[in-house]
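Worksheet: one structure, shown below.
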Amino acid sequence: MFDLDRWQEIFQTISKNKLRTILSGFTIAFAILLFTLLFGIGNGLKHTFEKQFAGDSQNSVYINSGTTTKPYKGLQSGRQIQFRNEDAKFINEKFPDEIQFFSPNIQRSMQAIYKGEQNRYTVRGVYPDYQPLESAVIQDGRFLSYIDIKRRAKVIAIGRLVEEDLFGAKSAMGKNINLDGISYKVVGVFNDPGGDNDERYIYAPFTTIQGMYKPNDEVDYFGLTFNSKLSVDEALAFSNLLTKVLKEKHNIDPRDQAAIRVRNYAEGTKNVQQFMTVLNVIILFIGIGTLIAGIIGISNIMVYIVKERTKELGIRKALGATPSSIIGMILMESIFITALAGYTGLMLGVFALRALGDSLEKYFILNPSVETYVVVGATIVLIIAGTIAGYIPAKRAASIKPIVALNDE
Amino acid sequence: MIKIEKLHKSYPIGKDSLHVLKGLDLHIKEGEFVAIMGSSGSGKSTLLNIVGLLDAHDSGNYYLNGQLIENLDERKAAILRNKFLGFVFQSFNLINYKNALENVALPLYYSGMGRKERNEIAMQYLEKVGLADWATHLPSELSGGQKQRVAIARALVTKPKVVLADEPTGALDSSTSHSVMELLKEINREGMTVFVITHEEDIAEETDRIVRLKDGVIISDEKTLKKSKV
């Protein structure tokens, strides 16, 4: 009963002093709104980055061969290096612990025809291990199997967009596609988080493609993923060693950069991780900065409010208000306004971010949003700051002799 | 009701201190209507602030309603003020965003009374000062005399032992001053101890007893002749 009375007294003070209430409420709401927006936009940048680098498995390594640029051990420069099946065996046997998935690869551009529709696609002859390497996700049927490899079957798994191009809305499953004059049966359709390009590939069994298009046992390149237990530095050491032994095997000068090129995604991952860390620090910095600005704002206003009310507080004390009732009144008022305004700012910010949505995607801001606990935490911080900022002047005002307060004009 | 013995009070001014009250002795009995007179600087406001527990004294004894006032913290002082004292100020000191009724009811809020009850009692006192029709008006909508009547109603609402009035007519013209003094007299006739501070001779003449202060000491203490008229 007494508490209800106290709240009625506070509501009256709030509603009868609108300017004061709006002033302090606005500061809080604005600080939280800015905080939410900045944090949300920062997160949007982060999302864009995550998406850009989510295309392929983060632990993939690709090994390509080229032409030597340095003479070595009596061999001339300008020699073409050609990978063969025995290289695949060599790599696999040399690094059984480091390698998780491994596939040699032959890549050709082919004309694909299905009934009236036709288009050019990149066809890759691969092993079943290639699927996790590309992070391809099967949506219909299956990927290639070891039985396909063994039988040199004329089957293919096609990208989602290949199916869309050639079959329209119909399913490609079980249909035969003509690739450069040879018919292949579609056993699976996949999609790929890497985007459109990755969804326009056609995968066929490695042995089928090699037998048909390569003399002997030539291989275009190797793809592998390293054991995810390796740290970034261990992974880089692994790919360096891999390069070194391959160069030795093919009699290439260790300093020759062009003959064998090993592309380790761990390097990129390392850069991206560092960039993300910097971005996180920047976002955190902006967030803390906004909060501090808000805290200073609310502190100033609380000091001003208490100063402005000095005489009123003097009157209340003369009429029998105890110091604790004065402090309690100011604090409850301040907490109430801060909480309400903070919630308003939070809601405005969240709605604004939702309204923005993906409309800023061309500025690299994707799905700007904030985690609820972050903004709620920020609001609580501001409430606590407002309480402390209110408590100090309130305590001072409550301890002023009523006669001094009464003479305050 | 109020008993003061050898009361001293000084205020620090820079490094020096100003000795304002120099050993006052004063005894005011229940139901008296006393005026403290003196020019500015005589210490009369300081005396009222000490009597009203708005300020602390340095040395001497002060008994309010038989209770020795010493080592009061703000909380105890606030409770005693609420219980025993009612204030009427020269500048009214109404809270400007509260209407007349709410201003009068405020001391009852601090004594912990429920909303309905305190509004009823506040209304009775507004009727008593003739402002029942103005209950919902804000102080800014009231004349000076009306504001002082609201302040008097507020001083009376807790049924205090003593009403302390500091220059209650200082901001009012002479006819309004007169009606405010009539109101104070009426209250006194009902048995309330009233303690008025003024520097106006004709206002002091309307009380029963005039105590004159000069430079922190009492120079005269006499009954007025009016008492016989009542």
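The stretch B:19-87 gives an Rg/Rh value of 0.94, both radii derived from C-alpha positions and Rh following Kirkwood.
For peptide A:318-330, what's the mean number of Cβ atoms from other chains within 10 Å of each residue's Cβ?
Details: counts 14, 19, 17, 9, 9, 5, 3, 4, 2, 0, 0, 0, 0.
That works out to 6 on average.
As an exercise, use a Förster radius of 60 Å and the Cβ-Cβ distance of B:S143 and A:E117 to find the FRET efficiency, rounded to the nearest 0.05. The value I calculate is 0.05. Assign one of three labels to the stretch A:54-117, namely rounded, prolate or oblate, based on the Cα gyration tensor with a ≥ b ≥ c the square roots of its eigenvalues; rounded applies when a/c is under 1.5, prolate when it is not and a/b is larger than b/c, and oblate otherwise. Oblate. Loop-located trypsin sites (Lys or Arg not before Pro) in the stretch B:7-70 (DSSP state not H, G, I, E or B) with no more than 16 neighbouring Cβ atoms inside 10 Å: B:K15, B:K29. Along its principal axes, the stretch A:60-263 has C-alpha extents of 57, 38, 30 angstrom, given from the largest down.
Could you tell me the calculated FRET efficiency between B:Y97 and A:N300, based on Cβ-Cβ distance and R0 = 30 angstrom, to the nearest 0.05? Here the calculated transfer efficiency is 0.85.
Taking the inverse of the mean 1/r over every pair of distinct Cα atoms in the stretch B:140-193 gives a Kirkwood hydrodynamic radius of 11.5 Å.
Need one word for the stretch A:133-217: rounded, prolate or oblate. Basis is the Cα gyration tensor (sqrt eigenvalues a ≥ b ≥ c); a/c below 1.5 gives rounded, then a/b vs b/c decides.
Judged from the Cα gyration tensor, the stretch A:133-217 comes out prolate (a/c at least 1.5, a/b above b/c).
Shape summary of the stretch A:285-409, radius of gyration then Dmax from alpha carbon positions: 19.3, 65 Å.
Between A:N227 and A:L348, residue separation times 0.36 nm minus the direct Cα-Cα distance comes to 39.0 nm.
For GluC sites (Glu not before Pro), no site in the stretch A:87-168 is both called loop by DSSP and has at most 16 other Cβ atoms within 10 Å.
The angle separating the long axis of helix A:265-308 from the principal Cα axis of greatest extent in chain A is about 10 degrees. Rounded, prolate or oblate: pick one for the stretch B:108-173, where a ≥ b ≥ c are the square roots of the eigenvalues of its C-alpha gyration tensor, a/c under 1.5 means rounded, and failing that, prolate if a/b is larger than b/c, else oblate. The shape class here is oblate.
The loop-placed GluC sites (Glu not before Pro) in the stretch B:111-220, going by DSSP, that have at most 13 neighbouring Cβ atoms within 10 Å of their Cβ come out as B:E190.
The mean sequence separation of alpha-carbon pairs under 8 Å and at least six residues apart, normalised by the residue count of chain A, gives a relative contact order of 27 percent. Computed on chain B, with alpha-carbon pairs under 8 angstrom and 6+ residues apart, the relative contact order is 29 percent. Where both bridge residues fall in chain A, DSSP classifies roughly 80% of the beta bridges as antiparallel.
Working note: Cα atoms of the protein assembly as shown, range along each principal axis, descending, whole Å: 140, 56, 34.
When Lys and Arg each count +1 and Asp and Glu each count -1, what net charge do the other residues less than 12 Å away from A:S65, Cβ to Cβ, add up to?
Values: positive: A:R79, A:R84, A:K247, A:K249, A:R261; negative: A:D87, A:E218, A:D220, A:D256.
So the environment of A:S65 carries a net charge of +1.
For the Cα atoms of chain A, what angle does the longest principal axis make with the long axis of helix A:18-52, in degrees from 0 to 90, nearest 10? Taking Cα atoms only, the helix is inclined about 10 degrees.
Whole-Hz Karplus values for the stretch B:135-146 come out as 4, 9, 8, 7, x, 5, 9, 10, 6, x, x, 5 Hz, taken residue by residue from phi with 6.51 cos²θ - 1.76 cosθ + 1.60 and θ = phi - 60°; glycine and proline positions read x. Rounded to the nearest 20, the Cβ-based charge dipole of the stretch A:60-263 about its Cα centre (Lys and Arg +1, Asp and Glu -1) stands at 620 debye. Inter-chain Cβ neighbour count for A:62-74, averaged per residue, equals 0 (cutoff 10 Å, partner chain atoms only).
Over all distinct Cα-Cα pairs of the stretch A:261-339, the Kirkwood formula returns a hydrodynamic radius of 16.9 Å. Any idea how far the Cα center of the stretch A:207-233 sits from the one of the stretch A:152-185, in Å? If we compute the Cα centre of each part, the gap is 23 Å. The relative contact order of the stretch B:125-181 comes to 37 percent, based on Cα pairs under 8 Å that sit 6 or more residues apart. Across all directions, the average projected area of the convex hull around the alpha carbons of chain B is 13.0 nm². Ordered by the number of other Cβ atoms lying within 10 Å of each residue's own Cβ, fewest first, A:K18, A:K244 fall into the sequence A:K18, A:K244. About the centre of its Cα atoms, the stretch B:141-230 shows a dipole size close to 460 debye [charges on the beta carbon of Lys, Arg (+1) and Asp, Glu (-1) only; nearest 20 debye]. Look at the dipole of the protein assembly as shown built from charges on Cβ: of A:V272, B:W134, A:G211, the Cα furthest out on the positive end belongs to A:G211. If R0 is taken as 25 Å, the Cβ-Cβ distance between B:T224 and B:D173 corresponds to a FRET efficiency of 0.60. Entry note, chain A: the mean residue ellipticity at 222 nm calculated from DSSP H runs of n ≥ 4, each adding -39500 (n - 2.57), is -18500 deg cm²/dmol after division by the residues and rounding to the nearest 500. The angle separating the long axis of helix A:2-16 from the principal Cα axis of greatest extent in chain A is about 80 degrees.
Only the coordinates and a few stated rules stand behind these numbers; no lab work does. What you see is a predicted model; the values in this text were computed from it and never measured. Please note: Cβ atoms are built from the backbone with ideal geometry, for glycine as well, and neighbour counts cover all protein chains shown.
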